[in-house]
Amino acid sequence: MSSCLGPLTTACAAFRAGISRVRASREFRYFPEEDNAPLPLQTCSIPVSTFGFSAAGRLVAILGDTLEEFQRRLKSEDLGTDTALFLVLPDPLEREFPMRAALMEDPPRRVEALGQFVLGQTFENLGMKWRGMKGRFFIGGQVAFARALQAAQAVLESRSAGACLVMAVDSYLSPPTLSRLVRERRVKTDDFPVGFIPGEVGVVMLLRPAAGSRREGSASSVFIQQVHVSEPPASNQAEGRALAFCVERVLQPQGAPAPEEPLLVSDHNGEQRRASEWGSLLVHLQAAHPDWKLENAWFPAIGFGETGAASGAVGSCVSARGLERGYARARSALVLSTSEDGARAAILLNKLQPGARS
């Protein structure tokens, strides 16, 4: 991980301790209403490495930092040619990245162009040569990471790949993006407290089939058990039903017995719409599981800021560390994602118990 709180171990420990690195931006100022004096915006930026970068170049800088951290744990040369690669990115049109007019009306080409540029430039900057399978790219708001996990799960189950490298990178801190967010009154400012703190992050995960990962020396005792994505419906989602449906699908597949209460890890970021949906979700869960206390919940946006397409990856990282280290106060964790287009997702992580077989 590369984040405002540092690399993976440091960042998860800092988040657990309630440490925040919200700082006034050195790159962007906004004009509050009825005031002609510009003020710096509060953001969660990665120290040093992204300063001065914007648009796709900022994503390259973040992903480069993340892969450097990853290579300290596992060299890219150790990954076989049967490793599949998945990269989760923000929609460049939504982030107002400079692009050719033809790409604005062609989402598949737009995704491919951004993915190839970010991946190719990052590998070139690091002097890396990718020996694995051709990369696949995903955009789609906060739910994009869950979709990438579903694709990785299908590849591993079909045995068409021996491992999957899933990467996610996003940043809200390019000046054009921040300008739009201020105009839309979505970010937290002195004169508008109901909003989110913009952030940026990069995450890289190496996934292997659960049955073989322990034999292959995996350092993690946590595995991703289920992923469910609910596609955008026509109705408003503030009532929380779609998200509650995702939760039930991953917790009780095929009529399994009632589950133990998991740790809830939400992408709630301070916006009013998300607060309303979070409250509605708790009502639905309490009705479905009367014995649950619903007191064990984490909100990564408090420590990392709003991280967009990479928020599901951040939630999975802090969940996995919490389960591994034992401070999650549960044996499983639910990572919940809500995209602006109405898509919803739930990712269930479990800790492999001693002597258990996955």
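The values are calculated or read from the model by the stated rules, or taken from the named source; none is laboratory data. In this text, all values refer to a predicted model and were calculated from it rather than measured experimentally. With ideal geometry, Cβ positions are generated from the backbone for all residues, glycine too; neighbour counts draw on all protein chains shown. Please note that ligands, DNA and RNA were not included when accessible areas were found on the heavy atoms of the full protein model with its side chains. Shrake-Rupley method; radii C 1.70, N 1.55, O 1.52, S 1.80 Å.
Numbers for the structure displayed
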item	result
Flag for Ser276 being among the hydroxyl-bearing types (Ser, Thr, Tyr) and at pLDDT 95 or above	no
Cross-chain or 6+ apart pairs with Cβ under 8 Å, the stretch 173-201 first and within 20 Å of Gly141 (Cβ to Cβ), then in a helix (DSSP H, G or I) and of a type in the set (Lys, Arg)	Leu173/Arg58; Ser174/Arg58; Glu200/Arg58
Number of the condition not met by Leu334 [criteria: (1) over 15 Å from the mean Cα position of the chain (by Cα); (2) under 16 Å from Glu261 (Cα atoms)]	(1)
Selection status of Pro98, outside any helix (DSSP H, G or I), touching a Pro at 6+ places or on another chain (Cβ under 9 Å) and open to solvent by 80 Å² or more (accessible area, probe 1.4 Å)	yes
Candidate set from the stretch 189-204 (those that are at pLDDT 95 or above and open to solvent by 20 Å² or more (accessible area, probe 1.4 Å)); member that is nearest to Asp65 (Cα to Cα)	Val204
First in the stretch 303-322 and within 11 Å of Leu8 (Cα to Cα) and touching a residue at least 12 places away in the same chain (Cβ under 8 Å), second anywhere and open to solvent by less than 10 Å² (accessible area, probe 1.4 Å) and aromatic (Phe, Trp, Tyr), Cβ under 8 Å, 6 or more apart	Val314/Phe304
Residue within the stretch 85-97 that is farther than 24 Å from Glu306 by Cβ, touching a Gly at 6+ places or on another chain (Cβ under 8 Å) and not polar (S, T, N, Q) present	yes
Matching residues in the stretch 103-114 - criterion: being outside any loop (DSSP other than H, G, I, E, B) and open to solvent by less than 90 Å² (accessible area, probe 1.4 Å)	Leu103, Met104, Pro107, Arg110, Val111, Glu112, Ala113, Leu114
Exclusive hit being over 19 Å from Leu348 (Cα atoms), open to solvent by less than 40 Å² (accessible area, probe 1.4 Å) and in contact (Cβ under 8 Å) with a residue 24 or more places away in the chain, set Phe137, Phe117, Phe145	Phe137
Entirely in the stretch 1-94, the strands (runs of 3 or more DSSP E) that have 1 or more residues that are open to solvent by 60 Å² or more (accessible area, probe 1.4 Å) and not small (Gly, Ala, Ser)	23-30, 39-43
